Amino acid sequence: MKLIVGLGNPGPTYQKNRHNIGFMVVDKILQESSFNNISSKKFLGELYKKSDLLLLKPTTFMNLSGKSIAAVSSFYKIPLENILVIHDDIDLPFGALKLKRGGGNGGHNGLKSIDNLLGKEYNRLRLGIGKPPKKEMVPSYVLSDFNNKEQEVLDKFIEYAANVALKFFHEPLSKLQSLYSKKDGSYLV
């Protein structure tokens, strides 16, 4: 069994926030494919299944994302190497996309939660959302919606990320990194 997790916050208030780009990517995959909804309270999230692939949107709020992932991975006995977490990254410019395994959390509270409950050696699809000019602006920045210029290409960015996520378990990480990583959003225009 393989698990793709999109990080975000539940509810309409957060739906279009930068912090919810992981949810947006999972929603895109769900639009394109026929997954069955197998959600249950015990999973602390929306869970979908197609063949040996699970898609998860934790409903625990970002800071407790690890609880939902731990519940699903424990129930289905999914090893860390078969988990891909899709998340926003303020250390990458808008539109950048990087794949990696393991590493630090960069202050991302969703990743901190996962690290604390599962360890750090899971796969990550880091999606650049840009960075505010001052560090103290980060919380309000990630909980704000994408600006008008970003929204013009956001659908392309999400579609690209969804395609990369679906290819993830079919190729070696090094090959995926060389084929699909993007340094910025210039490929979106």
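Any read-out appearing in this document is the output of simple, stated calculations on the displayed coordinates, not a laboratory observation. Since the structure is predicted, the reported quantities are computational estimates derived from the model, not experimental observations. For neighbour counting, all protein chains shown are included, and Cβ atoms are generated from backbone atoms with ideal geometry for every residue, glycine included.
When you go through (1) surrounded by 21 or more Cβ atoms within 10 Å (Cβ to Cβ); (2) assigned to a helix (DSSP H, G or I) one by one for H87, which number turns out not to apply?
Result: H87 fails condition (2) only.
I'd like the residue in region 112-134 that is assigned to a helix (DSSP H, G or I) and of a type outside the set (A, V, I, L, M) and, out of all such residues, is surrounded by the fewest Cβ atoms within 10 Å (Cβ to Cβ).
The residue in question is N116.
List pairs: first residue in region 99-115 and free of Cβ contacts under 8 Å to residues at least 24 places away in the same chain, second residue in a loop (DSSP other than H, G, I, E, B) and not polar (S, T, N, Q) anywhere in the structure, Cβ distance under 6 angstrom, at least six positions apart or on different chains.
The qualifying pairs are G102/K120; G102/E121; G106/D91.
Looking at (1) part of a helix (DSSP H, G or I); (2) closer than 17 Å to G22 by Cβ; (3) in contact (Cβ under 8 Å) with a residue 40 or more places away in the chain; (4) not β-branched (V, I, T), which is the one condition that is false for D155?
(3)
Of the numbered conditions (1) surrounded by fewer than 23 Cβ atoms within 10 Å (Cβ to Cβ); (2) touching a helix residue (DSSP H, G or I) at 6+ places or on another chain (Cβ under 9 Å), K77 satisfies every one except a single condition; which is it?
Of the numbered conditions (1) surrounded by fewer than 23 Cβ atoms within 10 Å (Cβ to Cβ); (2) touching a helix residue (DSSP H, G or I) at 6+ places or on another chain (Cβ under 9 Å), the odd one out for K77 is (2).
Just to verify a result, which residue in region 28-50, among those that are in contact (Cβ under 8 Å) with a residue 60 or more places away in the chain and within 16 Å of V85 (Cα to Cα), is surrounded by the fewest Cβ atoms within 10 Å (Cβ to Cβ)?
Here the residue is K28.
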